[in-house]
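Structure record follows, encoded as structure tokens.
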Amino acid sequence: MKYSVWSYYLREFSPEEQIDKYLDCGFRYAELSDEDGFILLDRGPGAKVGAELKKYADDKGFSYPQGHLWLSVNLTADDYMDSVDKLKNWLDMYEALDIKAAVLHTGRNPDMDAGLREQRRLEALTALTDYIRGTDITICLENLTNDLDHSGPILELINKVGSDHLGVCLDTGHLNLRPGESQYEFIKNCGSRLKALHIADNEGQVDQHMMPYGRGRVNWNDVIKGLAEVGYTGLFNLEIPGEAHGPMEIKLAKLRYVKEICEYMTGRTGL
């Protein structure tokens, strides 16, 4: 299984410089972060900047199998179709970068009528999946701490859209904050729909984004067992901004240690 860290762990560097640093620490893959996505899109149209970064990455033997779309987008807001148009530029960039799994937050509007909230999500996701028809991109809906916090409502939304271009991203840290479904149950319920991972830990109170096997409470045996049983083939990606502190020498040392954690965990899945 391919393992990675989300790219903005090395926020002090440009996307090109990040590639060099990740390779030095033993990583050949990364999830392109929302922050780095905005940095790239400031340079020009998505298809153009994506192709330029892909050439640089290809020359180095590096790639981005997974990327996080615009993090704060809200597909339930009044301007949700304007957001859809902006996301199309992101998807152009992802297609140029050969990103297969595009992680998406659908937004939260807790005080909105539930029917209207669902209608806007359905319209937005239908437009986005129609746009990427014929590509290899899967838009992966992430479990958050809103009404889409467990596998049931996420899969229900996916089924209502009815597109093979929709999948699921499990955020282990988010799920650890929401009682009612274990990591193993979430993975098994999603099955082949599970296309992306945000591996992170916390102590069960706030989203601390820590590396596994520290003081957090995520049941990693459940995660590993579930991934092995469903035959997960996507990126094993750590999203750990809670670890992205300290002098650069320390951050790079953590990266090398995180690589050992990834090798241990992915080796246990048998994938």
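In the set (1) part of a helix (DSSP H, G or I); (2) touching a strand residue (DSSP E or B) at 6+ places or on another chain (Cβ under 9 Å); (3) over 25 Å from Leu97 (Cβ atoms); (4) not small (Gly, Ala, Ser), Glu203 fails one condition alone, (1). Gly61 fulfils the conditions (1) exposed (fewer than 14 other Cβ atoms within 10 Å of the Cβ); (2) under 17 Å from Ala47 (Cβ atoms) except for a single criterion, (2).
Residue by residue, here is whether (1) crowded, with 17+ Cβ neighbours inside 10 Å; (2) out of contact with any helix residue (DSSP H, G or I) (no Cβ under 7 Å at 6 or more places or on another chain); (3) assigned to a helix (DSSP H, G or I) holds:
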residue	(1), (2), (3)
Val5	yes, no, no
Gly44	no, yes, no
Pro65	yes, yes, no
Asp92	yes, no, yes
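When Tyr80, Tyr64, Tyr29 are checked against the criterion of being within 24 Å of Leu157 (Cα to Cα) and among the hydroxyl-bearing types (Ser, Thr, Tyr), a single residue qualifies: Tyr80.
Test Asp78 against the criterion of being within 26 Å of Val168 (Cα to Cα), free of Cβ contacts under 8 Å to residues at least 24 places away in the same chain and more than 18 Å from the chain's Cα centre (by Cα), and give yes or no. When the stated conditions are applied, Asp78 passes them.
Tell me whether segment 122-144 contains one or more residues that are modelled with pLDDT under 95, in a loop (DSSP other than H, G, I, E, B) and either touching a Leu at 6+ places or on another chain (Cβ under 6 Å) or more than 20 Å from Leu194 (Cα to Cα) (or both). No - not one qualifying residue is present in segment 122-144.
Taking the residues in segment 96-114 that are closer than 23 Å to Arg178 by Cβ and of a type outside the set (A, V, I, L, M, F, W, C) as candidates, determine which candidate is surrounded by the fewest Cβ atoms within 10 Å (Cβ to Cβ). Among those residues, the one meeting the criterion is Asp111.
With respect to the conditions (1) assigned to a loop (DSSP other than H, G, I, E, B); (2) at pLDDT 95 or above; (3) of a type outside the set (Val, Ile, Thr); (4) closer than 28 Å to His209 by Cβ, Pro110 lacks only one, and its number is (2).
Scanning segment 176-201 for residues that are of a type outside the set (D, E, K, R) and without any contact (Cβ under 8 Å) to a residue 40 or more places away in the chain yields a total of 6. Looking at Gly152, Gly134, Gly214, just one residue is at positive phi and surrounded by fewer than 17 Cβ atoms within 10 Å (Cβ to Cβ), and that residue is Gly134. The sole residue among Leu175, Leu194, Leu227, Leu170 that is under 18 Å from the mean Cα position of the chain (by Cα), more than 20 Å from Pro153 (Cα to Cα) and surrounded by 17 or more Cβ atoms within 10 Å (Cβ to Cβ) is Leu227.
Taking segment 195-231 as the search range and keeping residues that are touching a Cys at 6+ places or on another chain (Cβ under 8 Å) and of a type in the set (A, V, I, L, M, F, W, C), which one is nearest to Ile137 (Cα to Cα)?
Let us first name the residues in segment 195-231 that are touching a Cys at 6+ places or on another chain (Cβ under 8 Å), namely 195-198, 230.
If we keep only those that are of a type in the set (A, V, I, L, M, F, W, C) as well, we get 196-197, 230.
On the way: Ala196: 12, Leu197: 15, Val230: 20 Å.
Once the filter is applied, the top-ranked residue is Ala196.
The values are calculated or read from the model by the stated rules, or taken from the named source; none is laboratory data. Please read these numbers as outputs of a predicted model, since none were measured by experiment. Ideal geometry is used to build each Cβ from the backbone, glycine not excepted, and the neighbour counts take in all protein chains shown.
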